[in-house]
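The structure appears right after this line, and notes come after that.
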Amino acid sequence: MSPKADLTTGPITATMLRFALPMILGNLLQQFYNVADTFIVGQFLGAGALAAVGSSYTLMTFLTSILLGMSMGSGAVFSIRYGEREMAKLKNSMVQSFVMIAGFTLVLNLLVFLLIDPMMGLLSVPDDVYPLMRGYLWVIFFGIGGTFLYNYFASLLRAVGNSAAPLLFLGVSAVLNIVLDVVFVVGVPWGVAGAAFATCLSQWVSGLGLLLYTWKKMPQLRPGRQDFRWGKESVLEITRFSLLTCVQQSVMNFGILMVQGLVNSFGTVVMAAFAAAVKIDSFAYMPVQDFGNAFSTFIAQNYGARESQRIRKGLKSAVLCSVGFSLVVSALVFVFAKPLLLLFVKPWETEILAVGVQYLRIEGAFYWGIGGLFLLYGLYRAIQRPGMSLVLTVISLGTRVVLAYALAAVPAIGVVGIWWSVPIGWMLADAVGLLYYKKIQGGLLKGGPAPGKEAG
């Protein structure tokens, strides 16, 4: 094993940041898939097409979050096994999780093609946007398999401390996506379907590329015939982690999808503003999301290795880094809200700009809330309590959905109520997560349960 892959040794803060940086850069690059679509579509195809792509992005995020959650859950198991130095168990878990997630991906891909119209109906898509959105989705659904491959192998490589390779392949595919966007939207032109095709092809490049890299460059991770075993205990562990994290990610994005449906009911102007503002959101708090995932791998490896002191110190360091970064980003987004929106919206579209600025200055002031929540998700996933991550997600998103629909129905509040519901949900979940941590920390940091056993 490469010493660079081992998060159980070395300076704590530097180790976490060094491991997190490629993940942060990688996820920022991943945003270019949809940001490139949004920018080029907004500039060349108009507000209706922008609304269609933005609403499609929310739906695709929900669908791919299922696969991402299953991969992240499996990654937590991989990290613990790596920390224990149990390579045979690691490869056995790899085989089981790959078969399970691949099968689920196939079923999901078939279902979305069959249910495309009912899904759009649930989103309350306006008549003038409907055909554009349907055309975009019909193409981009073909990229779901590529998304599975990338997320699975990225989770595997990160679990063993390699966060650089996923960055490399995302960089290649992000550049490819931008080039193909220009070709298929501006050059050909194929309209919104061209933007979708560019994204779909790029997703397959990153997924297949990372698969081949893992096979060629990481021979220690190649499973042999003896690894194709289906022990009950191992299968149950993989299933529990994968499904609970999958449900957590799905609940998170289903809540966002429900809010998207409410936003759509306010018309094309609000839809377009929300689509542009969410892209800025993605870039703004994506680093703390990825830092939370890196933190989770750090905790899981050290949990498997029973390094309780490193866990304790890592917690303190992670909180300082996440909150500090979030406060800086909140200030920047508040000040530069309008110039940032102008990257996606024409200057004369003043209504869209006004709504977008309002959203960013309300929601964006509380990025520290989502930063703390990502750390809590990562912590509970790493210490074999994925169920608690799900509870916090339900609290956060449940609060957001209930408040959004309740406040938006009040004429004097309207769409502003949707914006305020987001940080309120974050803060409530943070409070519950911290209270639970106070309750368990004494027993947890004394060594925790034996590896493979969930604490009660």
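Bear in mind these aren't lab numbers, they're just calculated from the coordinates by the rules spelled out. Treat the numbers as computed from the prediction; the structure is a model and nothing was measured. Cβ atoms come from the backbone with ideal geometry, glycine included; neighbour counts cover every protein chain shown.
A few remarks follow.
- Point-to-point label distance, GLU233-PHE44, nm (Cα→Cβ direction, 7 Å offset): 5.8 nm
- Burial ordering of VAL188, VAL259, fewest other beta-carbon atoms within 10 Å first: VAL188, VAL259
- The ranking of GLU307, GLU351, GLU237 by Cβ neighbour count inside 10 Å, starting from the fewest, reads GLU351, GLU307, GLU237.
- For the chain, the 222 nm mean residue ellipticity estimated from helices alone, with every DSSP H stretch of n ≥ 4 adding -39500 (n - 2.57) and the total spread over all residues, rounds to -28000 deg cm²/dmol.
- Sequence of MET94, MET271 once ranked by neighbouring C-beta atoms within 10 Å, starting from the fewest: MET94, MET271
- Estimated translational diffusion coefficient (Stokes-Einstein, Kirkwood radius over Cα pairs, 20 °C, 1.002 mPa s) of the range 273-314: 179 µm² per second.
- Normalising the average separation of contacting C-alpha pairs (under 8 angstrom, six or more residues apart) by the number of residues puts the relative contact order of the range 10-112 at 16 percent.
- Net length gained if the chain between LYS313 and SER265 were fully extended (0.36 nm per residue, minus Cα distance): 12.6 nm
- Legend: P(r) of the range 112-177 from all alpha carbon pair distances, 5 Å bins from 0, whole percents, reading 3, 14, 18, 16, 12, 12, 13, 8, 3, 0.
- Expressed in Å, the radius of gyration and Dmax of the Cα atoms of the range 39-141 are 18.6, 57.
- Prolate/oblate/rounded label for the range 134-276 (Cα gyration tensor, a/c 1.5): oblate
- For the range 231-330: rounded, prolate or oblate by the Cα gyration tensor [a/c cutoff 1.5]: oblate
- For the range 379-428: rounded, prolate or oblate by the Cα gyration tensor [a/c cutoff 1.5]: prolate
- Taking the range 303-455 and dividing mean pair separation by its residue count, relative contact order in percent (alpha carbons under 8 Å, at least six apart): 27 percent
- The chain: DSSP helices with Cα axial extent of at least 30 Å and average Kyte-Doolittle hydropathy no lower than 0.0: 12-44, 47-84, 87-114, 192-217, 232-264, 268-304, 308-335, 386-408, 416-444
- Counting 0.36 nm for each residue step from VAL172 to LEU114 and taking away their Cα separation leaves a gain of 17.7 nm.
- From the alpha carbon centroid of the range 204-267 to that of the range 341-392 is 22 Å.
- Contact order for the range 3-444, expressed relative to its length and based on alpha carbon pairs under 8 Å spaced 6+ residues apart, stands at 24 percent.
- In this Cβ point-charge picture (+1 for Lys and Arg, -1 for Asp and Glu), the chain has a dipole of about 1840 debye about its Cα centre.
- Binning the alpha carbon pair distances of the chain at 10 angstrom intervals from zero yields the distribution 4, 21, 32, 26, 13, 3, 0, expressed in whole percent.
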